[in-house]
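To keep things clear, I will list the structure first and then write my remarks on it.
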Amino acid sequence: MQLIYFIFCVLVVWETTHRRIDFLSIAAASFILYTSNCLIGEVWVPQSGFNAYESAIHLETYVLICAQLFIIFAFFYLKKKNIKIVVCGHSGNKIQKRNDSFLYNAVVNKDNKFYWIVVLLISAGSIAYNLIFRIGLDTFFSYTAKGDILNETSFLFGIAIWGGLICFFHFFTVKKKIGSIVSAAVILTSVLLGSRAHIASALVGVLIIKSFGWHKKKREKIRTNKGFGKNNRKIIVLAFIMLMFLIMYKLVYKEIRAGDIEGVLEVLKNPKTWSDLFDIDELRIVCANYNYVIEKHIKLPIMDVIARLVSMVPFANDYIPIENPLRFSTILRQEINTTYGLASNFWGECYAMGGVVFLMLMTFVWMTFINKITDLTFAGRSPFLLTVASYLSFYIHRLDWTQVMGCIKIVILFYLIKMIFDLVFGKKSRKRYSEAMQ
């Protein structure tokens, strides 16, 4: 099965490197990255001198992962042969004049500057309030654990980080330096805290923006996905550098936050740091989570499944009686019995929710979503779409179901606020939108 997995990986990588880098490429590369321990054939979860969980990768796990790779490859093939699933609002290089809400944003995006300024100021203000009055600068710039710091924050802290990410994509795309710097500073707060999800999403979005040249003025046409040209090679090199940064940062983020330069240098000077550089615990543990769910045949009760399905609706799952924690990562930590967090595995949780059928269905939905959001993003350059696609194309594999739904909920919230601003303040926007729909 290792050989079959390897063959599928080669096929997917071949298709990825012979097309322009887009969200489908990112999604395929990240799936291979987070299942790469299948090449070794075993997984383990270290715990204070022994392994809390150690196992060969099961045959069923291999079959399911290879089936998912087949679905990914099939989407590349459909794209290559121009066999398209119908995408609302996108036809060739033009935006169709249809009443599509996301494309509405694309039409009026450059008009309503007031919205972006307000969101950026509120996001930055909320972060500053939490840092100064809730957490305390002395506590934040110390070795205090991330969880302990987050316990001191208000609910607006997490929302503000997402607001900063959305603003970053907007300002970076339209080449507004001050807005890009301020929104990047908001994201930096999350990075210093020790969370790499938002910075990883920002970097993925930057790759896409660079790949299609959206940041360059007087370039309105959408590039094709053909060829492995000079620009593609630059993007791949840039992606590798970004990945190495994310790997290294995990090793030194506490020292950086505490301002311990000597500690950072000590970690970097340690030969073991470099010898173990590509033995990435996170990738192995996320794969171990998947294998553990399959090995133990973990199944969630029906009410637990319903609570996850309705989590798109704010606070809906608070009223559903569940037997297990809502966060699947908590369930895995209790099952494997470790003293530290294990991230999660979205696909393992899908299997626990509805077995093989639901897992394959969600893989197909994920790829369909990435495929459609790719086309819509190319047409509309929406920062809202960029945020969702950047987060879910690369990071989805290590997330809980509720984290995925949480991202979508918050982005929808910001988008709904944008629509209200457009209706109230955007006279010029409404005129352009009306003309576009005629």
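Values in this text are rule-based calculations from the coordinates and carry no lab data. This structure is a prediction, so every number in the text was calculated from the model and none was measured. We place every Cβ from the backbone using ideal geometry, glycine too, and count neighbours over all the protein chains shown.
Some values worked out for this structure:
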item	result
Whole-Å distance, taken between Cα centres, linking region 250-326 and region 342-376	18
Cleavage-rule hits, chymotrypsin sites (Phe, Trp or Tyr not before Pro), region 246-315, DSSP coil, Cβ neighbours within 10 Å at most 10	PHE278, PHE315
Under Karplus coefficients 6.51, -1.76 and 1.60, residue-wise ³J(HN,Hα) of region 114-119 in Hz, glycine/proline x	4, 4, 5, 5, 5, 4
Members of LYS234/LYS269; LYS299/LYS372; LYS210/LYS254; LYS177/LYS418 lying beyond 26 Å, as alpha-carbon distances in this model show	LYS234/LYS269; LYS299/LYS372; LYS210/LYS254
Under Karplus coefficients 6.51, -1.76 and 1.60, residue-wise ³J(HN,Hα) of region 382-394 in Hz, glycine/proline x	6, x, 5, 5, 4, 5, 5, 5, 5, 6, 7, 6, 9
Highest-first arrangement of 155-162, 11-18, where packing means the average Cβ count within 10 Å	155-162, 11-18
Computed E for HIS297/ASP260 - FRET, C-beta separation, R0 45 angstrom, nearest 0.05	0.50
Region 7-40-region 384-420 distance, computed between alpha-carbon centres (Å)	23
Whole-Hz couplings from phi, Karplus 6.51/-1.76/1.60, listed for region 345-355; x for Gly and Pro	8, 4, 6, x, 5, 4, 4, 5, 7, x, x
Highest-first arrangement of 332-339, 234-241, 170-177, where packing means the average Cβ count within 10 Å	170-177, 332-339, 234-241
Placed amide H near ALA52: partners under 5 Å, 5+ positions off or other chain	VAL45, GLN47
Nearest-0.05 FRET efficiency for ASN337 and ALA145, computed from C-beta distance (R0 30 Å)	0.90
